[in-house]
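Below is one structure, written out as structure tokens, with a few remarks after it.
The values are calculated or read from the model by the stated rules, or taken from the named source; none is laboratory data. Since we're looking at a predicted model, the values are computed, not measured. No Cβ is skipped: glycine too gets one built from the backbone with ideal geometry, and neighbour counts run over all protein chains shown. SASA here: full protein model, heavy atoms, side chains in, ligands and nucleic acids out. Shrake-Rupley method; radii C 1.70, N 1.55, O 1.52, S 1.80 Å.
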Amino acid sequence: MLRKMLIYPFITLVKCYQNFISPLMPATCRYSPTCSTYTLEALKKHGLFKGGWLAIKRIISCNPWGGSGYDPVP
């Protein structure tokens, strides 16, 4: 219960990004699933700290010099 309460604000932020900001920008994510979907899955599966860390690492690596392709949540 506490875990869900901790991640709820972050999930809400990501969903707001997906619904309101992402449609206004061109698709630039180099990974599948997209970084925002990966973040939601990581938070739900691993919780705030480990899932947040995985999301941060993924977002940082999503650049022209980073990786690309299929990268599921571990």
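Yes/no matrix, rows are residues, columns are (1) under 11 Å from the mean Cα position of the chain (by Cα); (2) modelled with pLDDT under 95:
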{"site": "Thr12", "(1), (2)": "no, no"}
{"site": "Ala27", "(1), (2)": "no, yes"}
{"site": "Ala42", "(1), (2)": "yes, no"}
{"site": "Trp53", "(1), (2)": "yes, no"}
{"site": "Ile59", "(1), (2)": "yes, yes"}
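Exactly one of these conditions fails for Gly67: (1) in a helix (DSSP H, G or I); (2) modelled with pLDDT under 90. Give me its number.
If we test Gly67 against (1) in a helix (DSSP H, G or I); (2) modelled with pLDDT under 90, just (1) comes out false.
Of all residues being over 14 Å from Lys50 (Cα atoms) and not hydroxyl-bearing (Ser, Thr, Tyr) in the range 5-18, which is surrounded by the most Cβ atoms within 10 Å (Cβ to Cβ)? Just the residue, please.
So in the range 5-18, the residues over 14 Å from Lys50 (Cα atoms) come out as 5, 8-9, 11-18.
If we keep only those that are not hydroxyl-bearing (Ser, Thr, Tyr) as well, we get 5, 9, 11, 13-16, 18.
Working: Met5: 9, Pro9: 10, Ile11: 14, Leu13: 12, Val14: 20, Lys15: 12, Cys16: 11, Gln18: 15.
Among residues in the range 5-18 that are over 14 Å from Lys50 (Cα atoms) and not hydroxyl-bearing (Ser, Thr, Tyr), the one surrounded by the most Cβ atoms within 10 Å (Cβ to Cβ) is Val14.
If I filter the range 53-62 for residues that are assigned to a loop (DSSP other than H, G, I, E, B), of a type in the set (D, E, K, R), open to solvent by less than 80 Å² (accessible area, probe 1.4 Å) and in contact with a helix residue (DSSP H, G or I) (Cβ under 8 Å, 6 or more places away or on another chain), do I get at least one hit?
No: zero hits.
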